[in-house]
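Student: So that we are looking at the same thing, I have put the structure below in structure tokens.
The values are calculated or read from the model by the stated rules, or taken from the named source; none is laboratory data. As the structure is a prediction and not an experimental result, all values here were calculated from the model. Quick reminder, even Gly has a Cβ in these numbers, built from the backbone with ideal geometry, and neighbours come from all protein chains shown.
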Amino acid sequence: MNKKIIKKYFSKPNTVYSWWDPHNSDKKEIYLRQEKIIKKIVETKNLKKIIDISSGRGRYAAILSEGRDYTCFDISQQMLNHIKKLNLKVKLIKGDAERIHLKEKFDLVLCSEALVHYPHPEKALKEMKRILNKNGIIILTVDNKLCLGKIIRIFTNFMNKIYGKEIKPLGNEIYQPYTDKEYNKMFRNQNLKRDKTIRLSILTTPIKNMKGNYILSPNLIKNFLFVDYLLEKIPIINKLSTYFIYILKHE
């Protein structure tokens with residue numbers, strides 16, 4: 001990750017906005033599962049005041065904002081403009097997740113698919129904790145550095161190197177996933193208690209090599225969905241999941 005350029009990249013028009021569209025991506029089914037799980041948590045815990053950090057195009061605002069005090073917080077004005085067009089009853093605030101310029105507290109601090117793009121993720125976690133109510137929760141969805149898909153891609157690219165094929169990494173300057181162990185170290189450093197971990201998608205994530213070509217296509221992996229539901233519940237095996245959903249609390 002290039003920490004010097006990343007914030008400028010995400011705040012500029014037609015950069016992340018041009019490619020980050022979860023509902024039209026090859027991982028759509030996984031993102032919809034994330035939304036269903038988080039919606040259930042919000043309803044079960046009756047969380048009324050929510051801030052969505054790095055809210056993107058507002059996919060969570062669209063399903064969670066009704067009847068709640070909902071704030072979308074993003075470094076990209078273009079993303080916030082997109083949410084404005086959805087005509088939702090939400091507050092729109094432009095800002096940096098590592099410097100959240102708010103004093104109010106929230107029942108839920110939600111941050112989905114964004115921590116891996118922050119130059120200093122622990123700064124962001126510290127800020128999330130600061131604006132969290134005493135009995136509130138933080139929900140993070142993050143990429144797993146050691147998921148099955150990444151392991152397969154590493155092996156495939158290694159073989160390509162052996163055969164002399166040029167490999168160009170995709171997105172390395174703006175993206176840094178971590179292992180479960182590394183995430184947990186960050187949480188401990190910020191005195192955040194991991195209340196629950198949900199592991200998603202082992203076999204049902206489309207896999208590309210570093211040239212962007214599919215190793216496992218979206219159409220092929222749909223056949224493995226029922227197997228994934230079983231594997232996600234098996235300890236050790238589920239450590240190969242593509243995504244983690246962490247639910248955090250004050251220690």
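Student: Keeping to region 192-233, report how many residues are in a helix (DSSP H, G or I) and at pLDDT 75 or above.
Tutor: Total meeting the criteria: 6.
Student: For the condition out of contact with any Phe, Trp or Tyr (no Cβ under 7 Å at 6 or more places or on another chain) and within 23 Å of I198 (Cα to Cα), what is the one hit in K28, K84?
Tutor: None of the others qualify; the one that does is K28.
Student: Moving on to the next point. Residues of region 115-135 being in a loop (DSSP other than H, G, I, E, B) and over 17 Å from the mean Cα position of the chain (by Cα), which ones?
Tutor: I131
Student: Shifting gears a bit: Please state which one of R57, R153 is modelled with pLDDT under 95, of a type outside the set (A, V, I, L, M) and either in contact with a Pro (Cβ under 7 Å, 6 or more places away or on another chain) or not in a strand (DSSP E or B) (or both).
Tutor: Going through R57, R153 in turn, just one is modelled with pLDDT under 95, of a type outside the set (A, V, I, L, M) and either in contact with a Pro (Cβ under 7 Å, 6 or more places away or on another chain) or not in a strand (DSSP E or B) (or both): R153.
Student: Now for a different question. Of everything in region 72-96, what is within 22 Å of K40 (Cβ to Cβ) and crowded, with 22+ Cβ neighbours inside 10 Å? Give them in sequence order.
Tutor: Of everything in region 72-96, those that are within 22 Å of K40 (Cβ to Cβ) and crowded, with 22+ Cβ neighbours inside 10 Å turn out to be C72, V90.
Student: Answer yes or no as to whether N87 is assigned to a loop (DSSP other than H, G, I, E, B) and either in contact with a helix residue (DSSP H, G or I) (Cβ under 7 Å, 6 or more places away or on another chain) or modelled with pLDDT of 95 or more (or both).
Tutor: yes
Student: Of everything in region 15-30, what is within 14 Å of L225 (Cβ to Cβ) and in contact (Cβ under 8 Å) with a residue 60 or more places away in the chain? Give them in sequence order.
Tutor: Passing the criteria: K27, E29, I30.
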